[in-house]
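The values are calculated or read from the model by the stated rules, or taken from the named source; none is laboratory data. Quick caveat, the model's predicted, so the values are computed rather than measured. Every residue, glycine among them, receives a Cβ derived from its backbone with ideal geometry; neighbour counts consider all protein chains shown.
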């Protein structure tokens with residue numbers, strides 16, 4: 001597989017950064033991640049726009065415009081010739097002379113094989129909670145210190161993931177967004193302190209197809225009273241959250257609305273865009 | 001200059017990490033930084049112990065023991081033959097197959113020329129404040145997203161640095177510790193939510209030489225009423241903090257206790273240890 005690194009394609013095994021890069025020195029950078037599905041870069045425009053927003057928030061100047069990135073992505077995908085993959089674009093703080101001030105970013109695009117089946121039955125997951133808010137929740141930075149630090153606790157609790165909250169107001173998972181379905185069939189996702197996920201956005205758009213979806217405030221108490229709960233991400237699409245901190249959510253089974261939303265998402269993916277490669 | 005990288009010495013310009021390293025992918029790693037002063041690795045034992053504590057907190061397994069690191073440092077310093085330098089040891093999350101779970105760390109030691117004069121007159125600095133607490137304040141992680149993000153605001157305010165607080169209770173600077181001197185000549189540094197700096201520790205030890213130094217709680221109100229304030233770090237030693245958010249601290253001049261402490265610190269440095277190289 002080839003990687004695009006700064007200004008050209010290199011074989012993955014030779015893709016390196018000098019240790020003066022600000023990601024290595026100070027964990028400073030932004031990224032985005034999306035799927036190549038049967039040769040289609042899924043929702044690529046949304047992801048590239050979000051990458052640019054993240055870079056802007058973090059005062060990083062992308063060396064390429066969105067149009068140029070499209071072009072590089074097409075070349076990369078054609079060169080690698082793998083129809084189903086995950087694609088990660090990283091923009092670091094660059095080779096900083098004083099190991100602190102950001103400079104011209106290093107820019108890389110990595111493609112890794114990733115196949116996701118179109119099974120419309122959502123996976124069921126148990127989650128735990130942890131009090132935390134990401135530093136700059138509007139930006140998709142590379143800083144996952146807390147999420148990774150919590151991996152051991154997640155295993156100890158036999159959970160699949162950890163939901164952040166502050167004073168009982170929930171926000172997001174380290175890598176996914178959160179939704180509940182209330183007893184009135186309102187579908188709500190946290191408005192504040194959460195990354196604006198692209199799959200989250202796709203679910204919000206289903207308000208045009210008869211679902212009562214909105215952004216709002218969700219407390220741990222709201223979850224205790226919810227009928228259903230689920231998480232969204234580009235790689236997980238929708239997973240049913242059936243247990244939180246050892247307590248069942250609703251009846252502890254995958255809800256009907258969760259199941260219906262996943263079916264809609266998969267249908268949308270199938271309808272989206274045109275394959276780069278034949 | 002040579003860099004020690006994992007298991008050997010490489011020339012600095014060739015010191016690279018593969019892009020799958022978890023520092024690049026997820027900003028995950030720990031480090032420590034100390035000075036080589038006239039061939040003496042200043043307070044190296046404290047720094048290596050803190051590095052091990054940081055690694056332990058972040059679930060990273062150092063490939064070398066403290067004794068082995070001493071040996072590598074001696075070799076590196078001898079090879080590079082520069083008497084005054086900054087030395088940075090970084091331990092990253094390693095080449096993670098899933099770009100999320102830490103694995104065997106990459107270990108690197110970088111030496112950069114750094115000369116600090118022994119002028120006993122403290123530099124004067126203006127600071128601003130920002131509401132923030134580091135994720136895991138006991139660990140010296142590579143995560144400086146917030147500190148670096150704030151660089152533009154610091155410039156806008158004509159400040160030199162930014163002091164973090166939460167609900168008015170102050171903790172630390174991104175890279176330095178904070179102290180005040182009260183009207184009763186008590187010297188206080190925040191006990192909570194601050195990295196345990198080695199220079200901070202040296203100042204605390206001056207309680208054995210007649211200074212009334214202690215850890216405690218400091219609020220923004222306490223600073224408004226303080227006689228003096230200063231910051232400490234391994235590269236800055238002691239700097240007088242004479243202004244905060246545009247308001248003078250005390251009479252806005254370097255205080256006598258701040259000045260006396262710096263003189264003591266420099267004397268301690270001169271007395272410390274034995275040079276590795278003749």
> Looking at residue B:208, is it in a loop (DSSP other than H, G, I, E, B), without any contact (Cβ under 8 Å) to a residue 60 or more places away in the chain, over 21 Å from the mean Cα position of the chain (by Cα) and surrounded by fewer than 21 Cβ atoms within 10 Å (Cβ to Cβ)?
Replying inline: no
>> Can you pull out every residue in region A:211-256 that is within 12 Å of residue A:177 (Cβ to Cβ) and surrounded by fewer than 17 Cβ atoms within 10 Å (Cβ to Cβ)?
In response: A:215
> When you scan region B:96-115, how many residues do you find that are assigned to a loop (DSSP other than H, G, I, E, B) and touching a helix residue (DSSP H, G or I) at 6+ places or on another chain (Cβ under 9 Å)?
Replying inline: 8
> For residue B:121, all conditions in the list (1) in a loop (DSSP other than H, G, I, E, B); (2) more than 10 Å from chain A (Cβ to nearest Cβ); (3) within 17 Å of the chain's Cα centre (by Cα); (4) modelled with pLDDT of 95 or more hold save one; what is the number of the exception?
Replying inline: (3)
>> So in region B:135-154, with the set limited to residues that are more than 7 Å from chain A (Cβ to nearest Cβ) and touching a helix residue (DSSP H, G or I) at 6+ places or on another chain (Cβ under 9 Å), which one is farthest from residue B:23 (Cα to Cα)?
In response: B:138
> Which one is surrounded by the most Cβ atoms within 10 Å (Cβ to Cβ) among residues in region A:179-193 that are in a strand (DSSP E or B) and in contact with a helix residue (DSSP H, G or I) (Cβ under 9 Å, 6 or more places away or on another chain)?
Replying inline: A:189
>> Name the single residue that is surrounded by the most Cβ atoms within 10 Å (Cβ to Cβ) among those in region B:162-177 being out of contact with any helix residue (DSSP H, G or I) (no Cβ under 7 Å at 6 or more places or on another chain) and over 12 Å from residue B:233 (Cα atoms).
In response: B:163
>> Take the residues in region A:88-102 that are at the interface with chain B (Cβ under 9 Å from one of its Cβ atoms) and farther than 17 Å from residue A:235 by Cα; name whichever of them is surrounded by the fewest Cβ atoms within 10 Å (Cβ to Cβ).
In response: A:101
>> Going through B:108, B:163, B:150 one at a time, which residue ends up being within 19 Å of the chain's Cα centre (by Cα) and in the same structural domain as residue B:51 (by TED's automatic domain parsing)?
In response: B:108
>> Give me the strands (runs of 3 or more DSSP E) completely within region A:1-87, filtered to those with at least 1 residues that are more than 10 Å from every other protein chain (Cβ to nearest Cβ), in contact with a helix residue (DSSP H, G or I) (Cβ under 8 Å, 6 or more places away or on another chain) and within 24 Å of residue B:29 (Cα to Cα), ordered by residue number.
In response: A:29-37
> Residue check: is residue B:196 farther than 27 Å from residue B:87 by Cβ and either assigned by TED's automatic domain parsing to the domain that holds residue B:148 or part of a loop (DSSP other than H, G, I, E, B) (or both)?
Replying inline: no
> Is it true that some residue in region A:249-262 is in the same structural domain as residue A:156 (by TED's automatic domain parsing) and assigned to a strand (DSSP E or B)?
Replying inline: no
